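Take a look at the structure below.
Every number here is computed from the coordinates shown, using simple stated rules; none is lab data. Predicted, not measured: the structure shown is a model, and the values here were computed from it. Note that each Cβ is placed from the backbone with ideal geometry, even for glycine, and that neighbours are counted across all protein chains shown.
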Amino acid sequence: MALALARKYRPKRFADVAVQSHVSATLRGAIARGRVAHGYLLCGPRGVGKTTLARVLAMALNCERRGDANRPADEAGEPCGTCVSCVRIWSGASSLDVVEIDAASNRGVDDARELRERAMYAPSGDDRYKVYIVDEAHMLTREAWNALLKILEEPPPRVVFVFATTEPQKIAQTAAPVLSRLQRFDFKRMGLGDIKDRLTHVLDEEHVTSEPDALAMIARAADGSMRDALSLADQVLAMGDGRVDTARVRDALGLVAEDEFIALLDLLADRRAADVFPLVSRLADAGIDFGTFLTGLADILRAQLAVALGGSAPDISERARTALQERRSRWSAADLLRMLAALAELEPRFRKSGQQQLLVETLLVRLALLDRTLEIEDLLRGLGGEGSGRAETAGIRRDQIPARMESRAAPPARPDERIRDDPARSSRSRPGADQAVAAPPVAILADRPASSRSAAPPLNANAPERSLPLDLSSVAGCWDELVTRLRTDGKRVLASALSRALPVAVTAAGDVSIQLDEANEFFEHAIETGRGDIQAVLREWFPSAARVQLRGHTARGAASPPTRLTDEMVRTERLTALRKRDPLLGAAIDALDLDVLD
């Protein structure tokens, strides 16, 4: 039976190991100069040559021709690859001096003790080395590492340990002292060009014709792993008549054709959201893996972004590159970035979901409706009469607002209907508010053109005039302005307290009674201590105002001081007050995840 390509073409020499020259050159030089360490840690992604280099190292240390004076100087440190010892080690056959251990199935302390005891025996010859290759070393338990710690620090003569792992950080967490006793080498991921070159060489050796685009598809699917690339090539060859072309690769690996992705880009650019569902159904009927589909979609969006920014699209066929260049004017870089961000947000949920097709359909519909967006400045202007001013007065942090936001597909309502349907706003309206047009809520903004949104007067346009008659209606009408005035004067805690209160009575003697929306000892204390500030501002506007009283106030003795306010308490209370006082601003806070900034 023929060997798999990944085994048949496994390198037998340091010079044959692709990409990892920084590791192979160092190991070869150490053998040539007699400076072999007693322990090595080989780290890197799967299929990049860790176990291969470990075997080549073991072959070179035990090669029967290692000390042959007739060998050329440029082969110093290299195994011959043809002697009995090299052949046995390379093929993975049993050997007295080279032992390979899978730590995934031999990870306990008893396995480590057995390994330590075996290492105490001398090699089979005076010129040979005992080499222990431990694969998946991160699977060893803490106790197993502790059992090996002493022998790694002071090993017997001519004993070499080689640990290979894809997750070195786990070793650092489990057995940090081990790292200082080993020489660590980090392997690189294989680039697409390197994988394509290696595949071309292997297929030429196999006398197989191949297409460059087909090899590029295999290289992308291999995700940086040379072993995976050779295994995928084997899978393609097993399907037919000894050719490797794009159609055969797509059928064997379940890939989506680039033409499908180009057509999908056109669908998204044309905002044809209804066509998403037939497309996804066709993919499902064809047995396409939706995870592979999303990976391909991310690749094509990334390539289109590179083209939109004036660069060249890497790692795609010439045909696809030409198609993306033709569509360059249809896409903005900002929209492509948002689409890639949406893909990244979906990935954590997608892998665990049992409704992957539904998630893909939802994502594509969302991408097809990117035109339902609006600039944040338009949003703030569209918040109506006091939207922008209140956002600035409340200290809303602009750095937390995204450049664009998705609109909600809600039908526009007439202004009079919005006023009538908003009891919270009508219950707190100022005098004369029935002549004003209410600001459209966030859900309606996207359906109105920017030219139809009129900016309302700033907040201080409704400031009370001097010498107003003192009555409950007048005091209630200027209450928001009172809160803003105190906050501007630096009395933020008092302003936060008054934003949670309303005037409830005004007597003929000029006494103004106010009451909190709900009992709160913090705000009660703030109003009691700030009574003079409230009275001073009210007397500017209402000369007949005499005193301010807090109704429902709970008296506290001197021995029971108020609890200390924290910034978090004040921030939370201010956000709650903003939501209650202005439902429109509350909708903006919830939709944009806004915060207050002192």
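General remarks:
- Available extension along the chain between Arg319 and Val99 is 74.2 nm, counting 0.36 nm per residue and deducting the alpha carbon span.
- Annotation for the range 207-296: trypsin sites (Lys or Arg not before Pro) lying in DSSP loop with at most 15 further Cβ atoms inside 10 Å of their Cβ are Arg271, Arg272.
- Cα gyration tensor, the range 1-102 - rounded (a/c under 1.5), prolate or oblate: rounded
- When the alpha carbon gyration tensor of the range 492-545 is reduced to an equivalent ellipsoid, its three semi-axes come out at 20, 13, 8 angstrom, largest first.
- Other-chain or far-sequence residues with amide H under 5 Å of Asp511's (modelled H): Ala546, Arg547
- Ranked by the mean number of other Cβ atoms within 10 Å of their residues, highest first, the peptides 188-201, 508-521 fall in the order 188-201, 508-521.
- Length released on extending from Arg547 to Lys188, taking residue separation times 0.36 nm less the Cα-Cα span: 121.5 nm
- FRET efficiency, 1/(1 + (r/R0)^6) with R0 60 Å, evaluated for His22 and Arg271 via beta carbons: 0.75
- Spin-label pair Arg71/Arg349, simplified geometry with 7 Å Cα→Cβ offset, distance in nm: 6.0 nm
- Among the chymotrypsin sites (Phe, Trp or Tyr not before Pro) found in the range 103-169, those both in a DSSP coil and sparsely packed, with 16 or fewer other Cβ atoms within 10 Å of their Cβ, are Tyr121.
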